[in-house]
Amino acid sequence: MQDTVTTSALLDPSHSSVSTQDKSSTGGHTSSTGPQLSKPSITPVPAKSRNPHPGANFHRMRRIIAEDPEWSLAIVPLLTELCIQHIIRNFQKNPILKQMLPEHQQKVLNHLSPDLPLAVTANLIDNENYWLRCCMQRWPVCHVAHHGGSWKRMFFERHLENLLKHFIPGTTDPAVILDLLPLCRNYVRRVHVDQFLPPVRLPAQLRPGDQSDSGSEGEMEEPTVDHYQLGDLVAGLSHLEELDLVYDVKDCGMNFEWNLFLFTYRDCHSLAAAIKACHTLKIFKLTRSKVDDDKARIIIRSLLDHPVLEELDLSHNLIGDRGARGAAKLLSHSRLRVLNLANNQVRAPGAQSLAHALAHNTNLISLNLRLNCIEDEGGQALAHALQTNKCLTTLHLGGNELSEPTATLLSQVLAINTTLTSINLSCNHIGLDGGKQLLEGMSDNKTLLEFDLRLSDVAQESEYLIGQALYANREAARQRALNPSHFMSTITANGPENSVG
Amino acid sequence: MNPPGSLADVDPNLDEHLSTQILAPSVHSDNPQERIQARRLRIAARLEARRREALGEYLDGKKESEEDQSKSYKQKEESRLKLAKLLLCGTELVTNIQVAIDTREIHRRVEEEEIKRQRIEKLENEVKTSQDKFDEITSKWEEGKQKRIPQELWEMLNTQQLHCAGLLEDKNKLISELQQELKTKDDQYVKDLKKQSDDICLLLERMEQQVKSVMKAFREELYHIEKAFEVERQELLASNKKKWERALQAHNAKELEYLTNRMKKVEDYEKQLNRQRIRDCEEYNTIKIKLEQDVQILEQQLQQRKAIYQLNQEKLEYNLQVLKKRDEESTVIKSQQKRKINRLRDTLNNLRSKYAKQIKQFQEENQSLTLDYQSLVLQFKELQKAMRHFALIDDKKFREIWLMNEEEAKDLITRAFDVDRIIHTHHLGLPWTAPDFWFLKNVGPISQQPQKSATQIVEEMLMHTEEEEAEEAASEPESYLDLPKQISEKTTKRILMLLCDESGFLVESKLLSLLLPLEQNECYLLRLDAIFSALGIESEDDLYKLVNFFLKYRAHRLSSSLQIKSCSQASMEKASMEETSTGSELELAEQTEMEGEKEESLVEGEKEEEEETPPSPWVIHPNDVVKILEAFVMGLKKPRDSRAPPRVQKNVRNNSKDSEYWQALTTVIPSSKQNLWDALYTALEKYHIVLTQRAKLLQENSSLEQQNTELQVLLQQYLNSKINSELQVPPTQVLRVPKK
């Protein structure tokens, strides 16, 4: 060995330094497979050039191969790896995923581009990680909790929302949404749209890039400013549970025009038909849309006897007593659990009809009548209804011009009722005596956890004492939740602590 | 609790909250109410803080007093309370803005409504006044039309113009007012917008602040809790360590104590050992001396033994010699014996072979004999069969011959009777009466009625009763029976029923179950059959004995002591008879006959009794049935044993009456009648002779007449022949032939 090394070193001075380095490592390279493999590929030309020395050929070859600093097993990727790479590259044309082993699938999904067309990925990929990447790429802020913790659902819901937001009737092709329908129908459960653009008028067509600006320039004579008809979309989404709509235009700037914010009768009728046909709908919200009594009645009529509807939110509209009466009818003809009529124009008769429905209702849990004007007549009617109702837990009567008579009745209700956990009477004129009476009623109540009396002219002392009672109730509820069996014993244990305060 | 002075000295961390609360809407608000509200809130918050402080102190005090409750739990609880309060305060703080805005909105609405109302009123007033003015102007137009003078007209037009201008001005004024209002409203709207944006900013700020403060508080509390846990843990560690050290110390002390004890003990033991060693040494010495003495004695003894041994050796050698001699002798004898044994073995073998041969022979013989025996048995059986067959045939033949003979005899007899009757009626003219003899009615061989078995009788009886033939057994001569004619069938039946009902225990339960589906009569029959077989009742006699026994028993119970005595006498007699009877069959047979007679007599007596007391078996109490049965079985047992042998001869026919019968048949016609017949015969013979003579004579007469007629025929012939006509003188003319 030593001889050959020296000879080779002598023969080829250019390699001498390498060979000397190699001397130390020759002992390790006893196996001949490595050199044989790479013999033809790496050094064919120098081998030919050194052929004049046949005796030393083999050793020389080995030597040279062993010296190759670039040679390494890691350079050759695995065939599976190559295949995966290929699949990833050609995923758009030939999507192969389900046929692969799980670990390979994972690898492919990790390297797929989020820009792939939805037609390919929508029904094929369920991997949350991929959709997470898609979402993160498109939107900087993602609240996955608002979409049931599923990134895929979030992606499709927000995608659809985006499309709907920028849909201009008459200009945008309806196929844009209808094409998406078969891809997203299984994933979309919630549709939340906070603006519907009106159709564009003639001058607007000249510059279609700026829809919101153009819409405002139309004249008043155009009677139909109908928005996108949701019927097809809602019928197509098989798992739709929540519909949250605002007929509004955002960022109109100086192009403001009243006409922009019209919720037309045609819109109303089509929406009513759509929600009537959707039997999976659980939550329906139509807020800030100038819904008046007639439109509210149209929508509520379509919701009568709906099989699963649980929540109805018509807040910030223009609903008056007739609409409230319709809502009262809905209460007795559905399984509604939450009703929100905040910031409408419900007055005493509407509240009375609602109270009448509430008296025998067993489904409604929450009723919100904030910022209406039901006054004492309506408040008293509601209080009477609460004496028989055994279901309602949350009641919001803030800003309703209520005063002492209502407070007296409510204090009686507080003494009897055991289901109410939260009452809000803020921004009323309860007065000092009313506060005292409420305090009296509160002293007999053990279930109420929240009682808001801010800005309602109640004496500070009684408000404070009511706060004390609420605190005791909360503690009791907490103990009950922690260990229901030792409820009684804990009450006695908590007794002294409360009394000290 | 809440003095105003104490407001100043609130702790610094509370000041944070206060400062945030001071930032509440009160600062920016124009509304005095809101400011008031804000102040109230502040006071409430201070109160809260105050209370919480007091509570915390209290809790601290309690913590110190109750050391056993865990510190961490306390801390946790405390933190929870604190945080809950903080959260509540925070949310209240944040929502305060909303509430304030709500109130503002309400106020705005109320004001708006008021203004709207006023505006509408104003507008209405305006409309009214302007309408009035307009009306005035229009009326003036009418006036103007009537004016003819141009100046006047011009004047009037001027005034009208002035009026119109005034009206227009009014309207314009109103419009400008409204526009002014609109402008102010716009301004207010802008202001509102600004305010709202301010509010929103405030809200955001507060929310951020809240988030921060809450985060801080949470972190703090977490830190506190962790600290508390750590402190507790350290305390626990320290206490445990202390405990551990204490335990270790105690352990060490104990160890030391044990060590000293052990040392002491070791010393003690060493002393004891020394003492023991000395003692042992002494003992050892004494024992050694003693043993040495013993050794000497033993050596002496050994010497003695050796001497004895020598002697014995010599003796034994001698014995050996002798024994050797004996051995030789014995070998000789042995060989002799061996030879003898061989010889004997040979003979034994011979004998064995012979014996085997014999056995074979005998087996063969035995086999042939058994075969013979079997064949004989078969033959015997065949013979028996043949015999039975022949006996049957014989019986049949006998019967047939008998019948034939009887028929013949009867023919003869009838013929004789016919002859006799003819003789009597025709010849003697006497009325004839047919003689009546018992044997004439007999058909077939005379034999005693075969004894029926008890069950047959019962069956018959049941059948009879079923048919409801209330007639006495006597009306049907053979069927009901020689022995107990006195006892009515019904009585018997009732007794049997009673028996059947009461002694069900004699019937096997299996049978009972089988009987269930059967008819009543069959059921009774089968049950009775079973009962009889159990009681050992086989024949008719036994049955009647039983029935009688029942009746007797009843009589015994009912009737007077005399009857009892007679009964007992009868039984006594019976007993004596049984005693006298030895072993011979004849005597036994006689005895049974006697018994039968006795019973008959008894039964007769019984019957008389029955006549006196109407027979009703129901008098016999069902409870007594078992007793009766017991007595009956006891009575029946003894005669039963000896009766078996004579029964074999039952099949042999009694032919004693045959000759008598036949003899009787011969003497159907008595000798007197024969004498009569003899006399009649002689007389008739004589009469016969006379009649024969007469007959001869009649014959002669007839022959003569014949000859005569023949001769007449010949004559006629001759007369009628042709020759006569050829003759000159026809004889016909000569002769007078009588013409017919």
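The values are calculated or read from the model by the stated rules, or taken from the named source; none is laboratory data. No experiment lies behind these values; they were computed from the predicted model shown. A quick note on method: Cβ atoms are made from the backbone with ideal geometry, for glycine too, and the neighbour counts reach across all protein chains shown. Heads up: the accessible areas ignore ligands, DNA and RNA and are worked out on the full protein's heavy atoms, side chains in. Shrake-Rupley method; radii C 1.70, N 1.55, O 1.52, S 1.80 Å.
Among the residues of the stretch B:672-726, what is the count of those that are exposed (fewer than 10 other Cβ atoms within 10 Å of the Cβ) and in contact (Cβ under 8 Å) with a residue 24 or more places away in the chain?
The number of residues fulfilling the criteria is 0.
Matching residues to (1) away from chain A (no Cβ under 13 Å); (2) closer than 30 Å to B:E221 by Cβ; (3) at pLDDT below 90; (4) open to solvent by 60 Å² or more (accessible area, probe 1.4 Å):
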| residue | (1), (2), (3), (4) |
| --- | --- |
| B:R80 | no, yes, yes, no |
| B:T95 | no, yes, yes, no |
| B:E114 | yes, no, no, yes |
| B:D135 | yes, no, no, yes |
| B:K145 | yes, no, yes, yes |
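Out of the stretch A:299-314, which residues are crowded, with 21+ Cβ neighbours inside 10 Å and in a loop (DSSP other than H, G, I, E, B)?
Residues satisfying the conditions are A:H306, A:L309, A:L314.
Look through A:V120, A:V108 and report the one residue that is surrounded by 18 or more Cβ atoms within 10 Å (Cβ to Cβ) and assigned to a helix (DSSP H, G or I).
A:V108
What number of residues within the stretch A:437-453 are open to solvent by less than 30 Å² (accessible area, probe 1.4 Å), more than 18 Å from A:P405 (Cα to Cα) and within 11 Å of chain B (Cβ to nearest Cβ)?
The number of residues fulfilling the criteria is 0.
Consider the stretch B:100-141. How many of its residues are of a type in the set (G, A, S) and under 27 Å from A:L369 (Cβ atoms)?
So the answer is 1.
Can you confirm whether the stretch B:147-170 contains a residue that is part of a helix (DSSP H, G or I) and within 14 Å of chain A (Cβ to nearest Cβ)?
no
Yes/no per residue for (1) surrounded by fewer than 20 Cβ atoms within 10 Å (Cβ to Cβ); (2) more than 20 Å from A:H316 (Cβ to Cβ); (3) at pLDDT 90 or above; (4) among the basic types (K, R):
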site: A:Q352; (1), (2), (3), (4): no, yes, yes, no
site: A:N368; (1), (2), (3), (4): no, no, yes, no
site: A:E375; (1), (2), (3), (4): yes, yes, no, no
site: A:L382; (1), (2), (3), (4): no, yes, yes, no
site: A:T393; (1), (2), (3), (4): yes, yes, yes, no
site: A:T406; (1), (2), (3), (4): no, yes, yes, no
site: A:G431; (1), (2), (3), (4): yes, yes, no, no
